[in-house]
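*Asks:* Here's a structure for you.
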Amino acid sequence: MNENLSRRRFVGAAAAGAAALSAAGWAAEQPSETPAAGPRTRSILDAHVHLKHGNAERTEYSAQVIVQTMDAVGISQAIVFAMSTTTKRSMEMAEAAVSQYPQRLIPYVYALPHYERPVIHEIEAALKGRRFRGVKIHVGECTLADYVIDPVLKLAGKYGALCLVDLGGRLDVAQRLAQAFPDTRLVIAHMGRYLAKDAALVDQFIRLAEQHRNVVLDTSGVALADKIVEAAKRIGSARLVWGTDGPHADPDTVTFARNELNKILKLDLAEADKANILGGSVRALLGLS
Ligand SMILES: [Zn+2]
């Protein structure tokens with residue numbers, strides 16, 4: 001990625017976030033399903049929502065439940081994707097959800113190798129024309145070996161899509177991908193590993209983001225909230241992206257999402273940084289603001 005260009009983009013995101021807060025505060029707007037009047041820089045975007053989870057039950061949530069939860073919490077938009085299914089089915093699920101709520105939901109395609117047919121053409125079809133804005137990859141279902149995932153990373157770079165990768169703590173893979181694909185924005189889920197309590201490990205992922213400007217950290221499922229504050233200071237909030245990793249029914253979808261939102265609101269950070277983390281950053285990365 002061009003250094004100057006990315007710096008401008010990141011500074012722009014920070015400015016947009018600050019303007020958003022001073023103009024609107026955190027009373028998130030509730031967009032209706034009428035066409036958007038303008039860029040939605042003033043509202044909260046959940047950048048990690050599952051139409052289908054990777055848990056043992058393979059829990060699915062309808063678009064309706066997702067949007068009702070967003071409405072109750074005050075979340076304007078969400079990035080949605082399915083896992084634990086084929087690439088093809090993940091596209092069908094996301095497209096059905098987005099056709100129901102085109103102003104609220106943004107689709108990612110799930111990248112998973114298939115024995116019966118190559119999925120790379122399906123992923124390319126999804127990214128072409130910017131119909132799908134990102135790709136989800138999960139170490140739990142897909143080996144992260146170069147001969148499997150590199151074509152996907154390359155494709156994401158070609159189409160300007162974000163690559164949200166759950167690495168399960170695999171720092172070595174993160175290092176290789178960050179270095180091998182400088183033009184691909186690599187969004188590292190859970191700042192490295194889901195609910196990690198290992199501060200040193202999280203620290204190494206922040207360090208990786210310091211070294212590579214194409215690395216973005218997803219703050220969903222982060223147990224050590226202080227590390228989000230530290231990351232904002234070290235890499236800037238324009239490369240931090242909030243998500244609930246929901247919906248979760250424990251205790252209920254609304255309380256779960258609200259708790260995840262409050263985690264960020266409670267942080268000892270400037271309001272402009274919170275605005276970036278809660279939507280400004282990912283909108284800038286996706287060219288939505
Ligand atoms: Zn997830």
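Computed from the coordinates by the stated procedures, all read-outs in this text should not be read as laboratory data. Since we're looking at a predicted model, the values are computed, not measured. Neighbour counts are summed over all protein chains in view; Cβ atoms, including those assigned to glycine, are modelled from backbone coordinates with ideal geometry.
*Asks:* Identify which of Val109, Val215, Val119 has the largest mean-square fluctuation in a Gaussian network model of the chain, with springs joining Cα atoms closer than 10 Å.
*Replies:* Ranking Val109, Val215, Val119 by mean-square fluctuation puts Val119 first.
*Asks:* Which is the longest stretch in the chain that no exposed loop site breaks, taking sites as GluC sites (Glu not before Pro) with a DSSP loop state and at most 14 other Cβ atoms within 10 Å?
*Replies:* Numbers: sites that count: Glu29, Glu33, Glu57, Glu116.
Looking at the chain, 117-289 is the longest stretch - no exposed GluC sites (Glu not before Pro) with at most 14 other Cβ atoms within 10 Å.
*Asks:* Where is the GNM fluctuation largest for the chain (alpha-carbon springs, 10 angstrom cutoff): Arg239, Arg130, Arg117?
*Replies:* Its mean-square fluctuation being the largest, the pick is Arg117.
*Asks:* Sticking with this structure for a sec: Summing -39500 (n - 2.57) over the DSSP H runs of n ≥ 4 in the chain and dividing by its residue number, what mean residue ellipticity at 222 nm do you reach, to the nearest 500 deg cm²/dmol?
*Replies:* Numbers: 11 runs with 126 residues, N = 289.
The helix contribution divided over the chain gives -13500 deg cm²/dmol.
*Asks:* Shifting gears a bit: Considering only Gln179, Gln77, Gln64, give the residue with the highest GNM mean-square fluctuation for the chain, with springs between Cα atoms whenever their separation is below 10 Å.
*Replies:* Result for the chain, Cα springs under 10 Å: Gln64 fluctuates most.
*Asks:* Please report Rg (one decimal) and Dmax (integer) in Å for the Cα set of the chain.
*Replies:* 17.2, 53
*Asks:* Now for a separate question. Which value, in nm² and rounded to one decimal, describes the direction-averaged projected area of the C-alpha convex hull of the stretch 114-188? If you can, show how the numbers build up before the last one.
*Replies:* Numbers: hull surface 18.6 nm².
Spelled out: convex hull of the Cα atoms, projected over all directions, averaged, 4.6 nm².
*Asks:* Need one number: nm distance between label points at Ala249 and Glu230, each 7 Å from Cα along Cα→Cβ, rounded to one decimal.
*Replies:* Each label point is offset 7 Å from its Cα along the Cβ direction, giving 3.7 nm.
*Asks:* Step through the residues of the stretch 153-168 one at a time and calculate ³J(HN,Hα) from phi using the Karplus curve (6.51 cos²θ - 1.76 cosθ + 1.60, θ = phi - 60°), rounding each to whole Hz and writing x for Gly and Pro.
*Replies:* Once rounded to whole Hz, the list reads 4, 5, 4, 4, x, 4, 9, x, 7, 7, 10, 8, 10, 8, 8, x.
*Asks:* Share of antiparallel DSSP beta bridges in the chain, in percent to the nearest 5? Spell out each step's value before the answer.
*Replies:* On the way: 1 of 27 bridges.
So the antiparallel bridges in the chain amount to around 5 percent.
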